[in-house]
Amino acid sequence: MISRLLELFIAYEEDSNVKLVIVKGKGRAFCAGGDVAAAIRDINEGTWRLGAKFYWKQFTLNYILATYRKPQVSILNGVVMGGGAGASIHGRFRVATENSVFAMPETALGLFPDVGASYFLSRLPGFFGEYLGLTGTRLDGAEMLVCGLATHFVPSERLSLLEEALCKVDSSDPAIISAVINEYSKQPYIKEKSAYHRLNVIDRCFSRRTVEEIISALERVALNKKDDWISKTIQSLKRASPTSLKISLRSIRQGRLQGVGQCLVREYRIACHVMQGKLSKDLFEGFRAILLDKDKNPKWEPSKLELVSDDMVDSYFSMMDDEDWEDLKLPARSNLPAYAIAKL
């Protein structure tokens, strides 16, 4: 699917008849993400490099979408997680519906938010991106809109009318396309229990320097205030892979100061280390516990945050010591619109 999308997007960019690209899912999901099972099967057969090849292609696609010269309209009517977010959130227009469910659930699997997530999560309001990336929290369409992951909210029953209208637009002007989507959009209701209403607590706790300090800050708030949301947040952090949490926090923090290309190059390094499995086997254990045996009881190694040293985290961000390995080389891009240049 990645290879096909890459071919199509490259061809459409050069085709003057194509004014905009609409991307939607087939079925109940937009896209639930990459096939972790297939990647792990390859790694277990001794070929983690096949996984690396997949990541190379996927991150190249993410980069092309982020710097695309024509507007992409992603219709997120259903689940959009992990790799699915990479295929949509980098585009110009992201249309959420009442069926949208967004999450980056990687830390529970012994992975980290990739596909350029360290770029787009770090640009959400306050420290909301750190919160989403570390806890894997699910957002609905209204929450996606209010935090900026979606640009519009259109009720699902109006999607066919929206598509029809978009297909008649003979223009690549984002203002014209936005105006068309606006005609079918509405302002959704944000539920009372939404995490977005707790942005001040999130900012206070998730702005801390380390994962340990984030958890301590949340626990202090929990002492003074009975709130299910806080205890759930603490639980999801304590269930996740300690190594993944530390890598993810550092990756998102670095992403705040880097362009989308630098974010993808860094994420590719980390992904290769994770797949190679020399530094930690948490990916395989997460896969076993969550997707294979489904006992939901992973035995992480190291098992505690304090056992994951800064040096261990540093290793993931360094080049791999492998003669056949090279850093991700992204394609040269030219004649980019101002919107895309701003991401570099």
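The values are calculated or read from the model by the stated rules, or taken from the named source; none is laboratory data. From a predicted model like this one, the values you see are computed outputs, not experimental measurements. We place every Cβ from the backbone using ideal geometry, glycine too, and count neighbours over all the protein chains shown. Accessible surface is based on the protein model in full, side chains and every heavy atom, while ligands, DNA and RNA are left aside. Shrake-Rupley method; radii C 1.70, N 1.55, O 1.52, S 1.80 Å.
Miscellaneous remarks
- Cα centroid separation, region 169-230 to region 21-70: 26 Å.
- When you count the other C-beta atoms within 10 angstrom of each residue and take the mean per peptide, 118-127, 277-286, 224-233 line up highest first as 118-127, 277-286, 224-233.
- Of all lysines in the structure, the ones whose alpha carbon falls short of 19 Å from that of Lys343, not counting any fewer than 8 places away in one chain, are Lys70, Lys329.
- Region 190-344 has equivalent-ellipsoid semi-axes of 30, 24, 15 Å, by the square roots of 5 times the alpha carbon gyration tensor eigenvalues, sorted largest first.
- Rounded FRET efficiency, nearest 0.05, which uses the C-beta distance separating Ser171 from Glu14 and R0 of 22 Å: 0.75
- Flagged links, alpha-carbon separation over 31 Å, of Lys26/Lys294; Lys24/Lys186; Lys26/Lys246; Lys26/Lys238; Lys19/Lys57: Lys26/Lys246; Lys26/Lys238
- In this structure the amide hydrogen of Val101, modeled in the peptide plane, comes within under 5 Å of the amide hydrogens of Gly78, Val79, Val80, none closer than 5 places in sequence on its chain.
- Whole-Å distance, taken between Cα centres, linking region 261-295 and region 124-151: 23 Å
- Ignoring aspartates and glutamates fewer than eight residues from Lys281 along the same chain, the ones with Cα atoms less than 13 angstrom from its Cα are Glu301.
- Region 69-148 - Rg and Dmax from Cα coordinates, angstrom: 11.8, 36
- Of the labelled figures (1) 17.4; (2) 16.5; (3) 19.7, only one reflects mean projected area of the Cα convex hull in nm² as derived from the coordinates, namely (1).
- Cβ-based charge dipole, region 5-150, positive-most Cα from Ile89, Ala11, Gly34: Ala11
- Site pair Arg4 and Arg239 shows an inter-label distance of 3.3 nm when each label is modelled 7 Å from Cα along Cα→Cβ.
- Protection proxy ranking for 164-171, 48-55, using the average of other Cβ atoms within 10 Å per residue and placing the highest first: 48-55, 164-171.
- Cα point-scatterer Debye curve for region 20-59, base-10 log of I(q)/I(0) at q = 0.14, 0.19, 0.27, 0.28 Å⁻¹: -0.45, -0.67, -0.89, -0.92
- Heavy-atom accessible surface of region 197-344: percent carbon and sulfur, 1.4 Å: 51 percent
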